[in-house]
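Asker: Quick one: the structure is below, questions incoming.
The values are calculated or read from the model by the stated rules, or taken from the named source; none is laboratory data. Since this is a predicted model, take the numbers as computed values, not measurements. Ideal geometry is used to build each Cβ from the backbone, glycine not excepted, and the neighbour counts take in all protein chains shown.
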Amino acid sequence: MNRSFPLPSARAGAWALAVLASVATALVAVPLRGPLGPANIAMLFLIVVFFVALRLGRGPAVLTAGINVVLLDYVIVPPHFGLIPADVQYIVTLGVMLTVGLVTAHLADGLRRQAAVAAGEERETRLLYELARELAGSANRDQIHAALASYSAKRGRRVALHLGEDQPAPAGALAYPLDAAGTPLGTLYLLDADAGGRPARQAEDVRLQAVASLLATALERLHYVRLAQDNEVEIAAERLRNSVLAAVSHDLRTPMTVLIGLADSLHLSREPLPPAAAETSLALLRQARAIGNLLNNVLDMARLHSGKTRLRREWQLFDDLIAASLRLLKPQLADHPVKVRLQPDLPLVELDAVLMERVVCNLIDNAAKYSPAGAPIEVGTYVDEAGSRAWIEVCDHGPGFPAGKLARMFELFERGNPESAVPGLGLGLAICQRIVAAHGGGIEARNRPEGGACVKLWLPLGNPPPVDDDA
Amino acid sequence: MDVTVLVIEDEPQILRLVKNALEGEGCRVFTAASGERSLIEAGTRKVDLIVLDLGLPDMDGMEVLRHLRSWSHVPVLILSARGDEDDKVRALDEGADDYLAKPFGVAELLARVRALVRRHVRHEDSSGRLAFGDVEADFVRRTVSRGGEAVHLTKIEYRLLTVLAANAGKVLTHRHLMREVWGPAYVDSNHYLRIYVGRLRQKLEADPAQPVHFLTETGVGYRFQP
């Protein structure tokens, strides 16, 4: 029901209509003077006052009421065409009629005003609801601006929305900051702040605060949607990369096995090879093993990332771990003497032996890869002073890590020197970091002042089970 | 080596690699590329050693192993992929004698084969003596000496040494070692094993930090190499 009631302002036409209404009623009443008594005709006049008040406003209604009384008195009440009523009782009739007419005018007008106000409020609420709905469905900032523009246009007010904090405030505008959980997102400005009287301004203030909060919510929602989308894209990309890596390395496993096996056979062939061929076969074997190691790293990384790996913790000795790793890397360590310094009676540490062996192997393999032939590699274990962490340290005498990249060395695909002739994917240290972190430990890299790189990792010491000694 | 070997492997290139390596050592080699075929071959020929790949297409390698073990004591060497420690341990517990992780070098393959064949052919060391590094152990008189000087081993250390030495060259799972040395009640207390192997290394290895006789097979068990 959207009939728009005109705002309460008397127009010239209304007064004329009011007079016309009275006169028309009188003209209708005159012929009915006989059959209907004056009392009944008075009722007729009253109804007219009521309708005039309802349609034309209080002023015209009062005028009608007044004219009705005069006309009733002059034309209907005996003596006809005389102002003084013959009978005293008609004074009461006229007086009551005037009073009732005025009260009716006032009440009907009040009713009309209230209806207008309610309709106005209903419209404002509906427009606010439409704004909220459009904001909820908006997918970008342009749509937010458009929704706000449409809302203000329908209401005939001028507003401006400034997003962010870098634009200057328009002069003379009232500011409504957009705030979401303490973060300023922008400001809503009311440009025609002086329009309307004070009560209108107060109502408008409340409304604009509601609008500001709707805008803030919409902007925040956009922000988080974009964040979630970016995150999803990143996750999908990494998952794809990992599954590609895993598939590729899976397919490479058989050829790698054959390659390494054949290279090994060649190198160990019964009939001695001519020196050049012997050197080549050794180089072939080394490169084959290096690729094999890369493959292992890729597979490990994919497995770690797939989330299917669970730590199988057992109480282990660092000595065991180091011994096993050194043995696995014997071919790679042929040119590098290893100095091992194990702290005696290092307590048992809870760890996944297979994964930690991978870590130690990666560290020692790196040290071997980047050290010149003949340069020693140092491996040490110790418990720190606080007594809560067990450390393993692997140091070499190679060129060390590139300056400034120390912090990034544990990131995925990060290589010290991307153009290096040493084969590598930049996965080794990243895998170490992930495995060590899964154990609740940490890993650090540094360059030694005397030259060479050092990587050390720590695992937390727990409460190892007691061992009953026998004599 | 005058032995007959049955190689069960479905990847033709790996099969050829293993066959050539073994034949290079003088072995007679029969091959099978599937579980079913392998059981027929194993049942109809007299073989001294079986090399079995766990990742067969038609039958689970473990099933083949179980079938074999139900009527044969022929030593079995498992070929397994890296990262399947559980499978290796299970295969060893089901009766396999040793394993080789792919990719492997030919030298490793031959070393394992030799160790398994030697055990199978020579049922026991008649003299009861064992020498490795600069250690001499006499299991009849229950003495151990190193560089001529007597070494004191506790009861458990000695028992561990005997179990390892009796299976020289072969991997022994944690479970097996715990059961044989400490008893069935201790099968889940692997930390004992680590500590005691550490002690044996301290007492009997030239460089305990880089042992050459008492070797760790990560995730699986230990191996004694004289």
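Asker: A:ALA153 - would you say it is modelled with pLDDT of 80 or more, farther than 23 Å from A:ALA200 by Cβ and outside any strand (DSSP E or B)?
Answerer: Values: modelled with pLDDT of 80 or more: yes; farther than 23 Å from A:ALA200 by Cβ: no; outside any strand (DSSP E or B): yes.
The answer is no for A:ALA153.
Asker: Quick check: anything in segment A:270-279 modelled with pLDDT of 90 or more and either exposed (fewer than 14 other Cβ atoms within 10 Å of the Cβ) or over 30 Å from B:HIS191 (Cα atoms) (or both)?
Answerer: no
Asker: Those residues that are in contact (Cβ under 8 Å) with a residue 60 or more places away in the chain and under 19 Å from the mean Cα position of the chain (by Cα), I need them from segment A:115-144; list them, please.
Answerer: Across segment A:115-144, the qualifying residues are A:ALA132, A:LEU135, A:ALA136, A:SER138, A:ALA139, A:ASN140, A:ARG141, A:ILE144.
Asker: Can you tell me which of (1) over 30 Å from A:ARG155 (Cβ atoms); (2) modelled with pLDDT of 80 or more; (3) surrounded by 14 or more Cβ atoms within 10 Å (Cβ to Cβ) is the one A:GLU124 doesn't meet?
Answerer: Condition not satisfied by A:GLU124: (1).
Asker: Which ones in segment B:200-226 are in contact (Cβ under 8 Å) with a residue 40 or more places away in the chain, at the interface with chain A (Cβ under 10 Å from one of its Cβ atoms) and crowded, with 17+ Cβ neighbours inside 10 Å?
Answerer: B:GLU205, B:PHE214, B:GLU217, B:THR218, B:GLY219, B:VAL220, B:TYR222, listed by residue number.
So that you can scan it fast, the table gives a plain yes or no per residue for (1) more than 15 Å from A:VAL100 (Cα to Cα); (2) part of a helix (DSSP H, G or I):
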residue: A:GLY13; (1), (2): yes, yes
residue: A:ALA16; (1), (2): yes, yes
residue: A:VAL19; (1), (2): yes, yes
residue: A:THR25; (1), (2): yes, yes
residue: A:PRO35; (1), (2): yes, no
residue: A:ALA39; (1), (2): no, yes
residue: A:ILE47; (1), (2): no, yes
residue: A:PRO85; (1), (2): yes, no
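Asker: Here's another thing I want to ask about it. Filter segment A:434-463 down to residues that are in contact with a Phe, Trp or Tyr (Cβ under 6 Å, 6 or more places away or on another chain) and in a loop (DSSP other than H, G, I, E, B), then give me how many there are.
Answerer: 1
Asker: Oh, and also: Among what's in segment B:167-188 and is in contact with a strand residue (DSSP E or B) (Cβ under 9 Å, 6 or more places away or on another chain) and modelled with pLDDT under 90, pick the residue that is nearest to the other protein chains (Cβ to nearest Cβ).
Answerer: By that ranking, first place goes to B:GLY169.
Asker: Which of the residues belonging to segment A:27-38 are surrounded by 12 or more Cβ atoms within 10 Å (Cβ to Cβ) and among the hydrophobic types (A, V, I, L, M, F, W, C)?
Answerer: Listed by number, the residues that qualify are A:VAL28, A:ALA29, A:VAL30, A:LEU32, A:LEU36.
Asker: For segment A:440-471: of the residues being of a type in the set (A, V, I, L, M) and surrounded by 15 or more Cβ atoms within 10 Å (Cβ to Cβ), which is farthest from the other protein chains (Cβ to nearest Cβ)?
Answerer: Top of the filtered list is A:ALA445.
Asker: Tell me which residues, restricted to segment A:330-345, are surrounded by fewer than 17 Cβ atoms within 10 Å (Cβ to Cβ) and more than 10 Å from chain B (Cβ to nearest Cβ).
Answerer: Scanning segment A:330-345 gives A:ALA334, A:ASP335, A:PRO337, A:GLN343.
Asker: In segment B:1-19, which residues are touching a helix residue (DSSP H, G or I) at 6+ places or on another chain (Cβ under 7 Å), at the interface with chain A (Cβ under 10 Å from one of its Cβ atoms) and at pLDDT below 90?
Answerer: B:GLU11, B:GLN13, B:ILE14, B:LEU17
Asker: Also, I was wondering about something else. Inside segment A:349-375, can you point out the residues that are surrounded by fewer than 22 Cβ atoms within 10 Å (Cβ to Cβ) and touching a Lys or Arg at 6+ places or on another chain (Cβ under 9 Å)?
Answerer: A:GLU350, A:ASP352, A:VAL354
Asker: Also, quick follow-up: Out of all the residues in segment A:185-206, which are over 13 Å from A:LEU174 (Cα atoms) and either of a type in the set (Gly, Ala, Ser) or modelled with pLDDT of 80 or more (or both)?
Answerer: A:LEU185, A:GLY186, A:GLY196, A:GLY197, A:ALA200, A:ALA203
Asker: So which residues in segment A:249-278 are aliphatic (A, V, I, L, M) and part of a helix (DSSP H, G or I)?
Answerer: So the first thing to find is which residues in segment A:249-278 are aliphatic (A, V, I, L, M), and the list is A:252, A:256, A:258-260, A:262-263, A:266, A:268, A:273, A:276-278.
Correct list: A:LEU252, A:MET256, A:VAL258, A:LEU259, A:ILE260, A:LEU262, A:ALA263, A:LEU266, A:ALA276, A:ALA277, A:ALA278.
Asker: crowded, with 17+ Cβ neighbours inside 10 Å, of a type outside the set (Val, Ile, Thr), farther than 20 Å from A:GLU121 by Cα and touching a His at 6+ places or on another chain (Cβ under 8 Å) - does that describe any residue in segment A:199-220?
Answerer: no
Asker: Still on this model: Under the condition of being of a type in the set (Val, Ile, Thr) and modelled with pLDDT under 80, which residue from segment A:280-313 is farthest from A:GLN332 (Cα to Cα)?
Answerer: Filtering segment A:280-313 down to residues of a type in the set (Val, Ile, Thr) leaves A:280, A:291, A:298, A:309.
This time we only want the ones that are modelled with pLDDT under 80, so: A:298, A:309.
Values: A:VAL298: 19, A:THR309: 28 Å.
Per the criteria, the residue is A:THR309.
Asker: Right, here's the next one. Filter segment A:269-279 down to residues that are touching a helix residue (DSSP H, G or I) at 6+ places or on another chain (Cβ under 9 Å) and more than 14 Å from chain B (Cβ to nearest Cβ) and give me whichever is nearest to B:GLU23 (Cα to Cα).
Answerer: A:PRO272
Asker: Mind checking which residues of segment A:357-392 are touching a Ser or Thr at 6+ places or on another chain (Cβ under 8 Å), within 14 Å of another protein chain (Cβ to nearest Cβ) and farther than 17 Å from A:ASN293 by Cβ?
Answerer: Within segment A:357-392, A:ILE392 is the sole residue that qualifies.
Asker: Look through segment B:189-199, keep the residues that are facing another protein chain (nearest Cβ under 8 Å) and more than 15 Å from A:PRO347 (Cβ to Cβ), and return whichever of them is nearest to the chain's Cα centre (by Cα).
Answerer: B:VAL197
Asker: Let me ask you something else. Pairs, please: C-beta under 7 Å, at least 6 apart or cross-chain, first residue within 25 Å of A:ARG310 (Cα to Cα) and in segment B:62-88, second of a type in the set (Lys, Arg) and surrounded by fewer than 18 Cβ atoms within 10 Å (Cβ to Cβ)?
Answerer: Short answer, once both residue conditions are applied: B:MET62/B:ARG90.
Asker: Okay, moving on. Hey, can you tell me all the residues within segment A:240-268 that are more than 12 Å from chain B (Cβ to nearest Cβ) and in contact (Cβ under 8 Å) with a residue 24 or more places away in the chain?
Answerer: Result: A:ASN242, A:SER243, A:LEU245, A:VAL248.
Asker: Quick check on segment B:101-115. Is at least one of its residues more than 30 Å from A:LEU329 (Cβ to Cβ) and aliphatic (A, V, I, L, M)?
Answerer: no
Asker: Please specify each residue of segment B:7-24 satisfying the condition of being farther than 16 Å from B:GLY55 by Cα and crowded, with 16+ Cβ neighbours inside 10 Å. So that I can check it myself, show each step before the final result.
Answerer: Keep residues of segment B:7-24 that are farther than 16 Å from B:GLY55 by Cα, which gives B:16-17, B:19-24.
Across segment B:7-24, the qualifying residues are B:ARG16, B:LEU17, B:LYS19, B:ALA21, B:LEU22.
Asker: Any residue that is buried (at least 18 other Cβ atoms within 10 Å of the Cβ), more than 14 Å from every other protein chain (Cβ to nearest Cβ), part of a helix (DSSP H, G or I) and not charged (D, E, K, R) - is there at least one of those in segment B:84-104?
Answerer: yes
Asker: A:GLY137: within 30 Å of A:VAL75 (Cα to Cα), of a type outside the set (D, E, K, R) and touching a helix residue (DSSP H, G or I) at 6+ places or on another chain (Cβ under 9 Å), yes or no?
Answerer: no
Asker: Can you tell me which of (1) in a loop (DSSP other than H, G, I, E, B); (2) under 20 Å from the mean Cα position of the chain (by Cα) is the one B:LYS46 doesn't meet?
Answerer: Only one criterion in (1) in a loop (DSSP other than H, G, I, E, B); (2) under 20 Å from the mean Cα position of the chain (by Cα) is unmet by B:LYS46, namely (2).
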